[in-house]
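A.B. asks: Okay, here's the structure, questions in a sec.
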Amino acid sequence: MQIKCIKCGTVTEAAGVDFKVVNFGCPNCKKVTSYEKVPEGAIVDDLSNNRPAPALSVGQKGMLKGKEYTVTAIIVKKVDPIYFWTEYILTSADNEWLYLSETEGHWILLHEVEDRYDVEDYPQTLVYDDIHMNIYDHSNTRIISAQGFFSYELPNGRVKMIEYINPPYIFSIEIDRNEASFFGEHISKGDVKKAFNVKSMPYKAGVGIVQPYLINIRKMAITFCCVAILILVSHLIIYSGRQSTTVVKEALSFSESGGKDFVTKSFTLEGGSAPLTISVHSDVNNSWASVQVALINEKTNDEEYANKDIEYYYGYEGGEHWTEGDTNENFNICGVRAGTYHLVITPQKAPEDSNNNYISVQAEWNKPSVWNMVIPIIVMLAITIGCYYLGVYFEQRRWADSSYSPYSST
């Protein structure tokens, strides 16, 4: 199918499709001609404008939903004062029609449906195919640019449009001399680019009218709840048959050790990997002490080191009593495997502290801990809450231009 423009002589072709042309818009001179009036090809409108060139062109072919479509027409519509969008009419070889709508880099793929609704009073909700949608806006639109082949007469005035959304779905109603209904769904820029083999696409800005939020909060929350339950069950199963074992319990004299290493007796650990919890106590009083612990695997000679400072200070300042630190401290050597071990303990204290004589060290293997269970659950809860509030902000941006925003302040 091809037509030669009566004004500028440019030939426009859409190969592989054929239907009765009522109006034709020349992509070159922007003149709209009629093929139903006499004489044939009479100019009926001039839709020149300074809008950027569309991403697709008349005659371009692409694969959508497993079928080849040809771009047979392109329309630019405007809602005063400055809201524009571009519609691409796609036609298959068997005359099936689809409509691509692009606004600020966001794309929607629509098809016409036979359903009609009474929207004279702009009802707040509309149900199509069991999908409940909320009114987004109603406006009067006008065509400012048209190019390609049209099977209908282009309206030369304003067309009333009412839109209902439930992202990623949209139901659009256009009322002119007749009423037309369209049901559509968000389509990604990447899918359009791939379908039509386009190198450059319009820049995406803001949030599209039916652009889906990146994360499904409900599904994520359900998934995290299931994971949390598995963590709880696993924790109960793992620790139900386990008992903590005290493998080292020593009271070391600072005067006897003299800063030297103290080697404990050998001990054997059996079972799966578990943390070795080390508890230390020293009667520090406005002073400090410290201990270094080395865990030695007697078979492999592998060594793991950990150290801890014990500090306790107090006093009066400005008439108020204050304290800092504690005489007890705990730390873990994580993931200790089964095997035979001993500890090498190196205690130290402040040289000027003559009142503190001892430091006690106790090592307990396989001590039950809820932190391995609690921390992942807290992280999942924090992620869910954070994503929820980001989703609220996302929706606020989507509805910012709507007169029916559920986020409008009262």
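A.B. asks: If you scale each eigenvalue of the Cα gyration tensor by 5 and take the root, what three semi-axes come out for the range 1-153, rounded to whole angstrom and sorted largest first?
C.D. replies: 28, 19, 16
A.B. asks: If you don't mind, there's one more thing I want to ask. Once Rh is set to the Kirkwood radius over Cα pairs, what Stokes-Einstein translational diffusion coefficient, in µm²/s, holds for the range 343-410 at a temperature of 10 °C and a viscosity of 1.306 mPa s?
C.D. replies: 86 µm²/s
A.B. asks: Quick one: if the Förster radius is 45 Å, what FRET efficiency do Ile131 and Gln243 give, using the C-beta to C-beta distance and rounding to 0.05?
C.D. replies: Working from the Cβ atoms, E equals 0.20.
A.B. asks: Let me ask something additional. Please give the contour-minus-distance gain from Gln348 to Gln362: 0.36 nm per residue of separation, less the Cα-Cα distance, rounded to one decimal in nm.
C.D. replies: Details: separation 14, 0.36 × 14 = 5.04 nm, distance 1.63 nm.
Result for the pair: 3.4 nm of gain on full extension.
A.B. asks: Quick one: compute a quarter of the convex hull surface over the Cα atoms of the range 264-410 and quote it in nm².
C.D. replies: Averaged projected hull area, Cα only: 17.5 nm².
A.B. asks: List the cysteines in the chain whose Cβ has no other cysteine Cβ under 4.7 Å from it.
C.D. replies: For the chain, the answer is Cys225, Cys226, Cys334, Cys387, because their Cβ atoms have no other cysteine Cβ under 4.7 Å.
A.B. asks: Return the inverse of the average 1/r over all pairs of distinct C-alpha atoms in the range 271-311, which is the Kirkwood hydrodynamic radius, in Å to one decimal.
C.D. replies: Values: mean 1/r = 0.0807 Å⁻¹.
Kirkwood hydrodynamic radius for the range 271-311: 12.4 Å.
A.B. asks: How many percent of the alpha carbon pairs in the range 134-187 exceed a separation of 16 Å?
C.D. replies: So the portion of pairs separated by more than 16 Å is 50 percent.
A.B. asks: Per the 1.4 Å probe, what fraction of the accessible area of the chain, in percent, lies on carbon and sulfur atoms?
C.D. replies: On the chain, the fraction of accessible area on carbon and sulfur atoms equals 50 percent.
A.B. asks: Which three extents, in angstrom, do the Cα atoms of the chain have along their principal axes, listed largest first?
C.D. replies: Sorted from largest, the Cα extents of the chain read 118, 58, 40 Å.
A.B. asks: Please compute one quarter of the surface area of the Cα convex hull for the range 94-186 and express it in square nanometres.
C.D. replies: 6.9 nm²
A.B. asks: Accessible area per residue of the chain at 1.4 Å probe, in Å²?
C.D. replies: 57 Å²
A.B. asks: Show me, for the range 19-31, the HN-Hα J-couplings you get by feeding each phi into the Karplus relation (A = 6.51, B = -1.76, C = 1.60, θ = phi - 60°), rounded to Hz, glycine and proline as x.
C.D. replies: Each residue's phi maps through the Karplus curve to give 7, 6, 8, 9, 10, 9, x, 7, x, 8, 9, 6, 7 Hz.
A.B. asks: Given the Cα-Cα distance of Asp115 and Glu270 and 0.36 nm per residue of separation, how much length would full extension add, in nm?
C.D. replies: Between Asp115 and Glu270, full extension yields 48.6 nm more.
A.B. asks: May I pose another question? Go through Lys20/Lys77; Lys199/Lys219; Lys30/Lys65 and tell me which ones have a Cα-Cα distance over 28 Å in this structure.
C.D. replies: Long pairs (Cα-Cα over 28 Å): Lys199/Lys219; Lys30/Lys65.
A.B. asks: For the range 343-368 and the range 87-102, write down the distance between their C-alpha centroids in whole Å.
C.D. replies: Comparing the Cα centres of the range 343-368 and the range 87-102, I get a distance of 80 Å.
A.B. asks: Taking each pair of distinct Cα atoms in the range 286-361 once, what is the resulting Kirkwood hydrodynamic radius in Å?
C.D. replies: Result for the range 286-361 stands at 14.8 Å.
A.B. asks: FRET efficiency for Val379 and Tyr314, Cβ-Cβ distance as r, R0 = 45 Å, nearest 0.05?
C.D. replies: According to the calculation, E is roughly 0.80.
A.B. asks: Can you pull the one-decimal nm distance between simple spin-label points at Asn301 and Thr223, each 7 Å off the Cα toward Cβ?
C.D. replies: 4.8 nm
A.B. asks: Also, quick follow-up: Stokes-Einstein diffusion coefficient for the range 181-287 at 4 °C in a medium of 1.567 mPa s, Rh from the Kirkwood formula over Cα pairs: what value in µm²/s? Write down the numbers at each step before the final one.
C.D. replies: Numbers: Rh = 22.4 Å.
D = 58 µm²/s.
A.B. asks: Kindly give Rg over Rh for the range 64-140, based on alpha-carbon atoms, with the Kirkwood expression for the hydrodynamic radius.
C.D. replies: 1.00
A.B. asks: Using square roots of five times the C-alpha gyration tensor eigenvalues, list the equivalent-ellipsoid semi-axes of the range 166-239 in whole Å, biggest first.
C.D. replies: Calculated on Cα positions only, the semi-axes equal 42, 19, 10 Å.
A.B. asks: Mind listing the Cα extents of the range 63-104 along all three principal axes, in Å, largest one first?
C.D. replies: 39, 15, 10
A.B. asks: In nm, to one decimal, how far is the Ser403 label point from the Asn330 one, both placed 7 Å along Cα→Cβ?
C.D. replies: Calculated label separation equals 6.4 nm.
The values are calculated or read from the model by the stated rules, or taken from the named source; none is laboratory data. Bear in mind that the values here come from a model prediction, so they are computed numbers and not experimental data. Positions of Cβ are backbone-derived with ideal geometry, glycine not excepted, and every protein chain shown enters the neighbour counts. Accessible surface is based on the protein model in full, side chains and every heavy atom, while ligands, DNA and RNA are left aside. Shrake-Rupley method; radii C 1.70, N 1.55, O 1.52, S 1.80 Å.
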